[in-house]
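Reading through the structure tokens given below for one structure.
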């Protein structure tokens with residue numbers, strides 16, 4: 001398999017696994033996945049600017065490591081939250097293990113041996129710690145999102161209850177009230 005095929009498959013194939021997940025769960029965790037993609041793009045930009053790593057190849061015609069960020073990263077975030085959201089200790093441990101495996105196996109062994117990715121000024125362990133710190137931010141973001149959804153659902157429920165009141169229970173217009181008094 002050539003490098004372009006590998007990178008494009010890492011961008012699109014992970015999304016196919018979401019057909020095995022409940023649609024509501026995907027909707028629930030998609031904002032966290034997109035936030036993870038945003039913070040990962042910032043980390044990649046910072047890492048390239050500071051000389052921590054370089055990408056030897058990218059998915060043509062794109063210039064970033066989009067195959068990892070918008071493919072594997074987003075989908076892995078959704079699956080991780082699907083299985084262990086709500087248990088922060090377990091989340092941190094599994095996230096760190098996944099990050100170490102991802103960096104050592106995929107970055108160094110697979111992508112490094114093909115000339116796609118090279119770490120220069122950053123050790124793989126430090127890279128995993130930075131990535132895990134990013135995971136903490138994503139977890140905090142999801143907690144914040146959960147609070148918004150609950151508040152929104154309550155507000156919508158109250159608004160809908162007000163809309164469903166029978167007409168007889170609604171106050172009369174002042175003009176119509178005067179007409180009824182005569």
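Among the residues of region 9-25, what is the count of those that are surrounded by 13 or more Cβ atoms within 10 Å (Cβ to Cβ) and out of contact with any helix residue (DSSP H, G or I) (no Cβ under 7 Å at 6 or more places or on another chain)?
Result for region 9-25: 1.
Quick one: in region 26-55, of everything that is surrounded by 16 or more Cβ atoms within 10 Å (Cβ to Cβ) and closer than 21 Å to residue 112 by Cα, which residue is modelled with the lowest pLDDT?
Among those residues, the one meeting the criterion is 55.
Just checking, how many residues over region 85-117 are assigned to a loop (DSSP other than H, G, I, E, B) and in contact with a helix residue (DSSP H, G or I) (Cβ under 8 Å, 6 or more places away or on another chain)?
4
Within region 61-84, identify whether any single residue is under 18 Å from residue 128 (Cα atoms), in contact (Cβ under 8 Å) with a residue 12 or more places away in the chain, in contact with a helix residue (DSSP H, G or I) (Cβ under 7 Å, 6 or more places away or on another chain) and not in a helix (DSSP H, G or I), and answer yes or no.
Yes, the conditions are met somewhere in region 61-84.
Counting only residues that are surrounded by 15 or more Cβ atoms within 10 Å (Cβ to Cβ) and more than 22 Å from residue 52 (Cα to Cα), which one in region 112-145 is farthest from the chain's Cα centre (by Cα)?
Residue satisfying both the conditions and the ranking: 145.
Yes or no: residue 127 in contact (Cβ under 8 Å) with a residue 60 or more places away in the chain and in contact with a helix residue (DSSP H, G or I) (Cβ under 8 Å, 6 or more places away or on another chain)?
Details: in contact (Cβ under 8 Å) with a residue 60 or more places away in the chain: yes; in contact with a helix residue (DSSP H, G or I) (Cβ under 8 Å, 6 or more places away or on another chain): yes.
For residue 127, the condition - in contact (Cβ under 8 Å) with a residue 60 or more places away in the chain and in contact with a helix residue (DSSP H, G or I) (Cβ under 8 Å, 6 or more places away or on another chain) - is met.
Taking the conditions exactly as written (over 22 Å from residue 145 (Cα atoms) and part of a loop (DSSP other than H, G, I, E, B)), does residue 4 satisfy them or not?
The answer is no for residue 4.
The values are calculated or read from the model by the stated rules, or taken from the named source; none is laboratory data. Keep in mind that this is a model prediction, so the values were computed, not measured. Ideal geometry is used to build each Cβ from the backbone, glycine not excepted, and the neighbour counts take in all protein chains shown.
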